[in-house]
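Worksheet: one structure, shown below.
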Amino acid sequence: MNVFQALGYFASEAIGNLVRGWRISALAVATTALSLFIGGVLLLAGNNMARAIESWRSDAQIVVYLDNDLTDDEIAILTEELLELPGVDRVIQIGPDQARERFRERFPELGEILLEFERSPFPISLEIEANGDRGAIDEWLAGVSDRPGVSAVDDDAEWLESLDAVASAASAVGLLVGGILMGAAAISIASVVRLSTFVYRKEIAAMRLIGATEFFVRGPFVVEGLVQGLAGSCLALGALWLAFWGLGRLDVPWFVRDALLGSFMTPRQALALLALGGTAGLVGGLIPLRERSGVFG
Amino acid sequence: MIEFFNVSKIYPVNRVALADVTVRIERGQFVVLAGSSGAGKSTFLRLIYRAAVPTAGQIVVNGRNLGSLPSKKVPYLRRTMGVVFQDFSLIERKTVWDNVTFLPKILGVDAKTRRRLAERTLERVGLQRHLDSYPAQLSGGEQQRVAIARALISKPDLVLADEPTGNLDPHLSRGIMHLFSEIHRQGTTILLASHDPELRREFGERLLVLDEGRLVADEELGRRTLSTAGAGLE
Ligand SMILES: Nc1ncnc2c1ncn2[C@@H]1O[C@H](COP(=O)(O)OP(=O)(O)OP(=O)(O)O)[C@@H](O)[C@H]1O
Ligand SMILES: [Mg+2]
């Protein structure tokens, strides 16, 4: 028998096993699918969150809110001071009316609140666009809160940093959890295949007795594991896509959309997920018969 | 072709299945193994196809010392012989046809040749029907004939048969023994365990008698040559 005939034979035997024991196989497939689904969610979230953080970082701003009684000269001095700092690209002054306009645009549903005010309730602010070189800016910001005329500082970098920490923690936990889940999937496939080898132990012995090599004895079980692993990963991939698509149609806040639903997996990542399921299946299919490869069949 | 040198097999704990057996079976012989139940007949055969390893002594089959045969090579040893197992050892999930053609199939024999071999062999054991049945759907005697067909299909040089007529009526038994006789005449070495003195006398060339694991008689059938207890030839 050449390799292709052997693979065909393994596949037909494996499918026979799967059909006969479909209930228990379905369980192994479901376990694999669940593991890969959870792993996939973490991967998707990690990817999209990292991408979102990157894009937010590029529009990150430092806003210095000023007291309304500051004179134009005083504001000009502050602006000059800021522009001299290395790392500062631009400083834009936002007046109270402009701030109110922006608020209306961003939160139209809250616009009515503003009607209660005759004058804009927003303070004058300076928006600083930094170019990534933060050393001097951080130093200046550290001293600025004590200065008269400066009421508050809002630095996007601060929360982006915390978000970054959350994202990398999520990735690390995802990797760990994903690893454990893949192990669980391999073990559950191994148990199903082991059950198969137990159910068919007499005929495995018979095959060995009449001269079948381990290759032929084990082949069908390895393929059985592989099929379960691949079926599980296909299912997971499908479920992930459905969840992604379904959530995308829901009305979710913009930051959830950005962080979780930015884009689906790349084809490479999807293939990797399939390969992972397949590997778990192969490992699961290889484990059970290792223990009984003795001479005596 | 088969040589036992002081072979003993002791199962735990202290169950002597074979005790210090030395014997040589020549190529082309028709040897019958006799002995009461538990005498060690199956053990004797199992040692030859390496389903058991001796506790002491050496076994040489076709010039190969089985003691130094790596387990990876065991399947290839088994393929050189056709074995009819006492418990048949059929593959339950496969039909009669698939059982009989299993080894030729994995050995890569093409479908047409397989079919020709299988049809002929099944006809010779009288099993032209039931080809699509599963072993569990067959009578004991039918299962036994499937086992015989499977052992003979690839025309091995050596046939080991453990009570191959144990489940057959006298008429079928004789038919099967004639079949063994016929393939023996074509040059096959046959080693067959049997309880039936009449069949032994009629078909065997040489009789080995085991008793509690000891080889207690070794006679050429028809005329008595050697009968010294435990003695091997030469
Ligand atoms: N796997 C085993 N474990 C323990 N003891 C065994 C095993 N196989 C055989 N024996 C013992 O070895 C002895 C010889 O057994 P064997 O099967 O060779 O006898 P036999 O001559 O074939 O008997 P029968 O005519 O009933 O088939 C018996 O006492 C049996 O109980
Ligand atoms: Mg026996």
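Observations on the model:
- The value obtained for region A:68-148, namely the Cα convex hull volume divided by the number of residues, is 114 Å³ per residue.
- Using the Karplus relation 6.51 cos²θ - 1.76 cosθ + 1.60 with θ = phi - 60°, the per-residue 3J(HN,Hα) values for region B:195-204 come to 8, 8, x, 5, 4, 4, 5, 6, 10, x Hz, with x marking Gly and Pro.
- 3J(HN,Hα) couplings calculated from phi for region B:126-139 with the Karplus curve 6.51 cos²θ - 1.76 cosθ + 1.60 (θ = phi - 60°) are, in sequence order, x, 10, 6, 8, 6, 5, 9, 7, 9, x, 5, 8, 10, 6 Hz; Gly and Pro show x.
- Debye, to nearest 20: dipole size of region A:68-148, +1 on Lys, Arg Cβ, -1 on Asp, Glu Cβ: 280
- A 1.4 Å probe run over the protein assembly as shown, with the rest of the protein chains in place, finds 51 Å² accessible per residue.
- Using only alpha carbons, the protein assembly as shown has a radius of gyration to Kirkwood radius ratio (Rg to Rh) of 1.35.
- For region B:1-104, the alpha carbon convex hull comes to 139 Å³ per residue, rounded to a whole number.
- Using a 1.4 Å probe over protein heavy atoms, the accessible area lost on pairing B with A, summed over both chains, comes to approximately 2100 Å².
- Helix-derived mean residue ellipticity, 222 nm - over chain A, DSSP H n ≥ 4, -39500 (n - 2.57), to 500: -24500 deg cm²/dmol
- The mean count of C-beta atoms from other chains within 10 Å of the C-beta of residues in B:71-79, rounded to a whole number, is 5.
- Highest-MSF residue in chain B out of B:Asn65, B:Asn99, B:Asn14 [GNM, Cα springs under 10 Å]: B:Asn14
- For chain B, modelled as a GNM whose springs connect Cα atoms under 10 angstrom apart, the maximal fluctuation among B:Asp211, B:Asp110, B:Asp157 occurs at B:Asp110.
- Of the DSSP H helices in chain A, those whose Cα atoms cover at least 27 Å axially and whose Kyte score averages -1.0 or more: A:22-58, A:156-199, A:214-249, A:267-290
- Given their separation in residues at 0.36 nm each and the Cα-Cα distance between them, A:Val173 and A:Ile38 gain 47.4 nm when the chain is fully extended.
- Heavy-atom accessible surface of the protein assembly as shown: percent carbon and sulfur, 1.4 Å: 57
- Under 5 Å between amide hydrogens, built in the peptide plane, is the criterion, and for B:Ala17 it picks out B:Lys9, B:Ile10, B:Tyr11 among residues at least 5 positions away or on other chains.
- Here the alpha carbons of region A:1-109 define both size measures, Rg and Dmax, at 31.2, 93 Å.
- Spin-label proximity, A:Asp69 to region A:89-113 - amide N less than 14 Å from point 7 Å beyond Cα toward beta carbon: none
- Across all directions, the average projected area of the convex hull around the alpha carbons of chain B is 12.7 nm².
- Computed from the Cα positions only, the extents of chain A along the three principal axes stand at 100, 40, 29 Å, in decreasing order.
- Its relative contact order, with pairs defined as Cα atoms under 8 Å and 6+ residues apart, puts region A:68-148 at 40 percent.
- Cut-off 17 Å, label 7 Å out along Cα→Cβ of A:Asp251, residues of region A:83-116 by amide N: A:106-112
- Between region B:183-217 and region A:1-61, the Cα center-to-center distance that results, in Å: 59
- Shape analysis of region A:144-297 based on the Cα gyration tensor places the equivalent ellipsoid semi-axes at 52, 17, 10 Å, largest first.
The values are calculated or read from the model by the stated rules, or taken from the named source; none is laboratory data. Just so it is clear, the structure is predicted and the values come from calculations on it, not from any experiment. Because the Cβ atoms are built from the backbone with ideal geometry, glycine has one as well, and the counts that use them run over all protein chains shown. In case anyone asks, the SASA skips ligands and DNA or RNA and just uses the protein heavy atoms, side chains included. Shrake-Rupley method; radii C 1.70, N 1.55, O 1.52, S 1.80 Å.
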